[in-house]
Amino acid sequence: MKQRRRKEILHELGLTPIWRSRADSILNEGAPMTIPVDQSIPVATATAPENDDRAARIAKMDWVQLEAAVACCTACPLCQSRTRTVFGVGDEQADWLFIGEGPGAKEDEIGEPFVGQAGKLLDNMLKSIQLQRGDRVYITNIVKCRPPNNRNPEPSEAEQCHPYLARQIVLIKPKLIVALGKIAAQNLLHTSESIANLRGKLHRYSDIPLIVTYHPAYLLRSLSDKAKAWEDLCFAKATMQSLLVQ
Ligand code: URA
């Protein structure tokens, strides 16, 4: 990416003057990177319980079947207030999987994740690490229907939706998952730990490395945490680079 465009993006993210994270500079110097692995949190499993017929059926679906199943899902009350389901968008063989919380008003209207204000910031966050929507990147949410008034999804709603997300993850086989915000992180890692405690560590979802950062909508309100999000992105990029050479 041209240096000027990069500067513009970082400026939009509120991240100028430009600085480089230590992980980034170490990596550029070709030295091995030390990744802090969090061992305090149990590994989350993506497999459905044997006795759960619905989850077992979803676990066998291909992309077309899965998208059709989501489109007509009535497993939780969110189906009553949605305009449309928001399945996910991007490269079905992506290395990067970004997971948010749930669709907002604009996403509910259009049917694509992260198309509102938070989505614009997410696109800029992606650009800052030379990524773009759809190119080695897939974006989806914990729940596929909009929670009314943008409230957090209830645990029971996230649980009903989890077989869809679990199947998406199995089909995509991403090298790295980035959990956007507390709700995504807590659901994926089965924890109630704060985002402050979850950031900066390499977690795992099943066997897939997972990194936690702030939700773009939160960053729109909390400018001072944008610098921390930039650190997370650099950490994610350095982690991906180390995974690609393995
Ligand atoms: N917030 C999310 O978590 N997901 C979206 O798709 C949009 C906003």
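Quick notes
- Residue within the stretch 124-137 that is within 14 Å of the chain's Cα centre (by Cα), open to solvent by less than 60 Å² (accessible area, probe 1.4 Å), near the ligand (Cβ under 9 Å from one of its atoms) and among the β-branched types (Val, Ile, Thr) present: no
- Near pairs, Cβ below 6 angstrom, 6+ apart or cross-chain, from the stretch 144-166 (touching a residue at least 60 places away in the same chain (Cβ under 8 Å) and at negative phi) to any residue that is outside any helix (DSSP H, G or I) and among the β-branched types (Val, Ile, Thr): LYS144/THR85; LYS144/VAL86; CYS145/THR85; PRO153/VAL143; GLU157/VAL143; CYS161/VAL143
- Failed criterion for ILE142 (all others in (1) buried (at least 22 other Cβ atoms within 10 Å of the Cβ); (2) farther than 26 Å from SER192 by Cα; (3) of a type in the set (Val, Ile, Thr) hold): (2)
- Here ARG204, ARG199, ARG167, ARG221 are screened, and the one residue that is within 21 Å of GLY119 (Cβ to Cβ) and either open to solvent by 10 Å² or more (accessible area, probe 1.4 Å) or modelled with pLDDT under 95 (or both) is ARG221.
- Residue count for the stretch 145-164, restricted to those that are open to solvent by less than 50 Å² (accessible area, probe 1.4 Å) and of a type in the set (Gly, Ala, Ser): 1
- Yes/no for ALA229 being within 16 Å of the ligand (Cβ to nearest atom), over 24 Å from PRO163 (Cβ atoms) and in contact with a strand residue (DSSP E or B) (Cβ under 6 Å, 6 or more places away or on another chain): yes
The values are calculated or read from the model by the stated rules, or taken from the named source; none is laboratory data. The model shown is predicted, which means the values in this text are computed figures rather than measured ones. We place every Cβ from the backbone using ideal geometry, glycine too, and count neighbours over all the protein chains shown. Keep in mind that these areas ignore ligands, DNA and RNA; they rest on the heavy atoms of the full protein, side chains included. Shrake-Rupley method; radii C 1.70, N 1.55, O 1.52, S 1.80 Å.
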